[in-house]
Amino acid sequence: PENVVVLKNAPPTLKHISNKHRELYGRRIEKSTSVINEIVFFGRLEMRKGPLLLIEALEQLSKKHRSMMKHIKVSFLGRDTPVDEWNPSYKEKIRQDFLSSKNLKNMNLSFLDNFDRDQAISYISDPHRLIVIPSLTENLPGTVYESIEFGANFIAADVGGIKEMIHPDDADRCLFK
């Protein structure tokens with residue numbers, strides 16, 4: 001037992017997370033002068049995490065705000081997964097969707113699928129990045145918890161228990177349907 005180390009995996013209570021979000025978000029709003037130059041999908045590259053929803057949104061933004069969007073980098077931060085037994089990589093599906101879109105094919109696209117947790121936390125914490133968590137279904141995702149805990153600029157889909165993680169005063173600013 002002297003060699004036993006307990007690593008906490010469960011996040012603190014929802015009330016703690018919500019209050020932490022309010023504290024950090026309130027401070028960031030007051031002193032934020034950062035310009036967003038990168039949109040970062042944060043989560044495993046799989047259908048239920050919503051990468052195709054993000055691509056659809058980027059397509060719409062590119063149509064309406066072409067000059068602004070040409071200066072925005074798009075990154076997918078998360079482990080790659082197979083699409084199905086014939087397509088072994090979701091990353092390749094996303095890349096093909098970008099290349100087949102006339103509005104997205106020239107965007108600066110990157111995949112960060114080999115980061116460890118510390119590298120990912122450091123990456124999302126940059127104030128010039130907007131973290132997007134467009135999940136189609138969720139419970140209490142670690143990506144939202146980590147975004148809150150480490151002060152990342154983020155928006156998330158209003159699904160599952162995500163709304164319970166966000167302070168009620170900030171829900172309109174951070175959640176989308």
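The values are calculated or read from the model by the stated rules, or taken from the named source; none is laboratory data. Model, not experiment: these values are computed from the prediction. Positions of Cβ are generated from backbone atoms using ideal geometry, with glycine treated the same way; all protein chains shown enter the neighbour counts. Note: accessible area is taken over every heavy atom of the protein model, side chains too, but ligands, DNA and RNA are not part of it. Shrake-Rupley method; radii C 1.70, N 1.55, O 1.52, S 1.80 Å.
What pairs can you find where one residue is in the stretch 69-92 and farther than 20 Å from residue 120 by Cβ, the other is modelled with pLDDT under 85 and exposed (fewer than 15 other Cβ atoms within 10 Å of the Cβ), and their Cβ atoms are less than 6 Å apart, with a gap of 6+ or different chains?
Close Cβ pairs (under 6 Å, with a partner that is modelled with pLDDT under 85 and exposed (fewer than 15 other Cβ atoms within 10 Å of the Cβ)) amount to 82/88.
Which residue, of 16, 21, is at pLDDT 60 or above and crowded, with 19+ Cβ neighbours inside 10 Å?
Going through 16, 21 in turn, the sole match is 21.
Step by step: first the residues of the stretch 133-166, then only those that are within 11 Å of the chain's Cα centre (by Cα) and among the hydrophobic types (A, V, I, L, M, F, W, C), then the one that is most open to solvent (accessible area, probe 1.4 Å). Which residue is that?
Looking at residues that are within 11 Å of the chain's Cα centre (by Cα) and among the hydrophobic types (A, V, I, L, M, F, W, C), I get 155.
Of all the residues that make up the stretch 98-129, how many are open to solvent by 40 Å² or more (accessible area, probe 1.4 Å), touching a residue at least 24 places away in the same chain (Cβ under 8 Å) and over 26 Å from residue 144 (Cβ atoms)?
Residues in the stretch 98-129 being open to solvent by 40 Å² or more (accessible area, probe 1.4 Å), touching a residue at least 24 places away in the same chain (Cβ under 8 Å) and over 26 Å from residue 144 (Cβ atoms): 1 in total.
Among the listed residues 75, 89, 62, 101, identify the single one that is within 24 Å of residue 173 (Cβ to Cβ), modelled with pLDDT under 95 and not charged (D, E, K, R).
Step by step, each of 75, 89, 62, 101 is checked, and only 62 is within 24 Å of residue 173 (Cβ to Cβ), modelled with pLDDT under 95 and not charged (D, E, K, R).
Is it true that residue 66 is of a type in the set (D, E, K, R) and within 20 Å of residue 120 (Cα to Cα)?
No; evaluated as a whole, the condition is false for this residue.
Only one of these conditions is not met by residue 95: (1) in contact with a Leu (Cβ under 8 Å, 6 or more places away or on another chain); (2) open to solvent by less than 40 Å² (accessible area, probe 1.4 Å). Which number is it?
Checking residue 95 against (1) in contact with a Leu (Cβ under 8 Å, 6 or more places away or on another chain); (2) open to solvent by less than 40 Å² (accessible area, probe 1.4 Å), the one that fails is (2).
If I ask for residues that are in a loop (DSSP other than H, G, I, E, B) and among the acidic types (Asp, Glu), which ones from the stretch 153-177 would you list?
158
Residue 86 passes all but one of (1) surrounded by fewer than 17 Cβ atoms within 10 Å (Cβ to Cβ); (2) aromatic (Phe, Trp, Tyr); (3) in contact with a Leu (Cβ under 8 Å, 6 or more places away or on another chain); which number fails?
Here residue 86 meets the rest and fails (3).
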